[in-house]
Amino acid sequence: MLIVMDKNATGPQVDAVIHLIESMGYTPVPVPGSQRTAIGIVGNSGPLESAPFLALEGVKDAIHVSKPYKMVSRDFKAEDTVIEFGDVRVGAGHQTVMAGPCAVESMKQCLDTARVVRAAGARFFRGGAYKPRTSPYSFQGLGEKGLEILRTVREETGLLIVTEAIDHENIALVEQVADIVQIGARNMQNFSLLKRAGKSPKPILLKRGMSATIEELLMAAEYISSEGNRRIILCERGVRTFADHSRNTLDLSAIPAVRAVSHLPIIVDPSHAAGRRDQVIPLARAAVAVGADGLMIEVHCDPTRALSDGPQSLYPAQFEQLMREVGALAGLVARAPAR
Ligand code: PEP
Ligand code: MN
């Protein structure tokens, strides 16, 4: 349930609502908004009676939230969430590009790639120090040494860092270096990791599981939010289908579908969707056109030697082309209201 206060409600009237929620054993969640003060209620397993709230001074409305996720829904918060990193803003249509190799392989590989992507306009450097690989014999990442390389990339280039945490042990290390902690597709329903991410001081990039519905994605985000971390960015990265002309199928309709029901930013990763570099630029253009808040792109200076995901990694010149093209398109796309 969401308690909407009158726009002239006083501080003590808001406090009285919070007190009533707590006395019932539930958690009050103040929801920021420019138009109204609202207080969400979480922790209840069934529907609540609205009468006790409506009886309080200053309460305008008590709205039942019909969705199984609450805090990440637009019912709870109508305005788009914007996450700020200094002058970089993610959400509400501000375009952000996160680019870099699949895996951190060496200092030189990362610095070379970082300089390329920064010169082309990316503000975030991506690269995994811990890699969730399908085969145990594939390169698993450099681990802590990889994190140190990422720290240097940040210091040398000023790029913000996005890197993946794959389990409880390494999230504590990852969040010391990362500006955004990534939870990958394979861990989208790792509920204990999601709860831990909900306690992280860093924003979370939550990638859609390869066979997850939008509702499941938003429930996973709710796990993070319900633990207190509201700074969540969603990422569509393709889902499994019968198609064999690409690694996954980029679900472009997920972007308007998510924006209709959730205030969270959503970006698109065409690299993991396509699995092959010739499709990355066309899909990136489509993602911007459909209203995504940004892109995550794999780039490698020498993809033929990449230790992970070489076939889908763009060459520097292709990344520069992508940035020119999506930059031009972003200026043309006036985002429609979410609903
Ligand atoms: C990645 O971003 O490197 C990655 C492993 O992606 P996903 O979790 O979407 O497969
Ligand atoms: Mn990859």
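The values are calculated or read from the model by the stated rules, or taken from the named source; none is laboratory data. In this text the structure is predicted, and so the values were computed from the model without any measurement. Cβ coordinates were reconstructed from backbone atoms using ideal geometry, including for glycine residues, and neighbour counts include every protein chain displayed.
This table checks each residue for (1) outside the structural domain of H272 (by TED's automatic domain parsing); (2) part of a helix (DSSP H, G or I); (3) in contact with a Lys or Arg (Cβ under 8 Å, 6 or more places away or on another chain).
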{"site": "Q182", "(1), (2), (3)": "no, no, yes"}
{"site": "R186", "(1), (2), (3)": "no, yes, no"}
{"site": "L205", "(1), (2), (3)": "no, no, no"}
{"site": "Y223", "(1), (2), (3)": "no, yes, yes"}
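R133 - would you say it is within 15 Å of ligand 2 (Cβ to nearest atom), in contact (Cβ under 8 Å) with a residue 60 or more places away in the chain and farther than 30 Å from V333 by Cβ? Taking the combined requirement at face value, the residue satisfies it.
Among the candidates A287, A274, the residue that is crowded, with 23+ Cβ neighbours inside 10 Å, more than 16 Å from ligand 2 (Cβ to nearest atom), modelled with pLDDT of 95 or more and in the same structural domain as L142 (by TED's automatic domain parsing) is uniquely A287. Criterion applied to S192, S138, S211 was being surrounded by fewer than 19 Cβ atoms within 10 Å (Cβ to Cβ), of a type in the set (S, T, Y) and modelled with pLDDT under 95, and the one residue passing it is S138.
Taken over region 107-135, the criterion of being surrounded by 15 or more Cβ atoms within 10 Å (Cβ to Cβ) and β-branched (V, I, T) is satisfied by T113, V116, V117.
Residues that are away from ligand 1 (no atom under 11 Å from the Cβ), part of a strand (DSSP E or B) and in contact with an Asp or Glu (Cβ under 8 Å, 6 or more places away or on another chain) within region 80-139 comprise F85, V90, G91, H94, T96, A99, F124, listed in sequence order.
Just one of the listed residues (D293, D269, D278) is of a type in the set (D, E), under 26 Å from V333 (Cα atoms) and within 14 Å of ligand 1 (Cβ to nearest atom), namely D269.
May I ask you to list the residues in region 9-22 that are farther than 15 Å from A55 by Cβ and either in contact (Cβ under 8 Å) with a residue 24 or more places away in the chain or surrounded by 19 or more Cβ atoms within 10 Å (Cβ to Cβ) (or both)? T10, V14 - these are the residues of region 9-22 that are farther than 15 Å from A55 by Cβ and either in contact (Cβ under 8 Å) with a residue 24 or more places away in the chain or surrounded by 19 or more Cβ atoms within 10 Å (Cβ to Cβ) (or both). Scanning region 205-217 for residues that are farther than 25 Å from L160 by Cβ and either in contact with a Phe, Trp or Tyr (Cβ under 8 Å, 6 or more places away or on another chain) or more than 10 Å from ligand 1 (Cβ to nearest atom) (or both) yields S211, A212, T213, I214, E215, E216. Only one of the numbered conditions (1) part of a loop (DSSP other than H, G, I, E, B); (2) out of contact with any helix residue (DSSP H, G or I) (no Cβ under 6 Å at 6 or more places or on another chain); (3) hydrophobic (A, V, I, L, M, F, W, C); (4) more than 23 Å from M219 (Cβ to Cβ) is not met by I18, and that is (1).
For region 257-279, state whether one or more residues are more than 19 Å from H245 (Cβ to Cβ), within 23 Å of the chain's Cα centre (by Cα) and among the charged types (D, E, K, R). Talk me through it step by step, then tell me what you get.
Residues of region 257-279 more than 19 Å from H245 (Cβ to Cβ): 257-267.
Cutting the leftovers down to within 23 Å of the chain's Cα centre (by Cα) gives us 257-267.
From what's left, among the charged types (D, E, K, R): 259.
Within region 257-279, one or more residues are more than 19 Å from H245 (Cβ to Cβ), within 23 Å of the chain's Cα centre (by Cα) and among the charged types (D, E, K, R).
For region 140-173, taking the residues that are within 13 Å of ligand 1 (Cβ to nearest atom) and aliphatic (A, V, I, L, M), the one that is farthest from the chain's Cα centre (by Cα) is identified as I166.
Return the residues of region 277-316 that are within 20 Å of G127 (Cβ to Cβ) and assigned to a helix (DSSP H, G or I); say none if nothing qualifies. If you could, list the steps in order and put the result at the bottom.
Filtering region 277-316 for residues within 20 Å of G127 (Cβ to Cβ) gives 277, 280, 284, 294-316.
Passing the criteria: R277, V280, A284, P303, T304, R305, G310, P311, Q312, P316.
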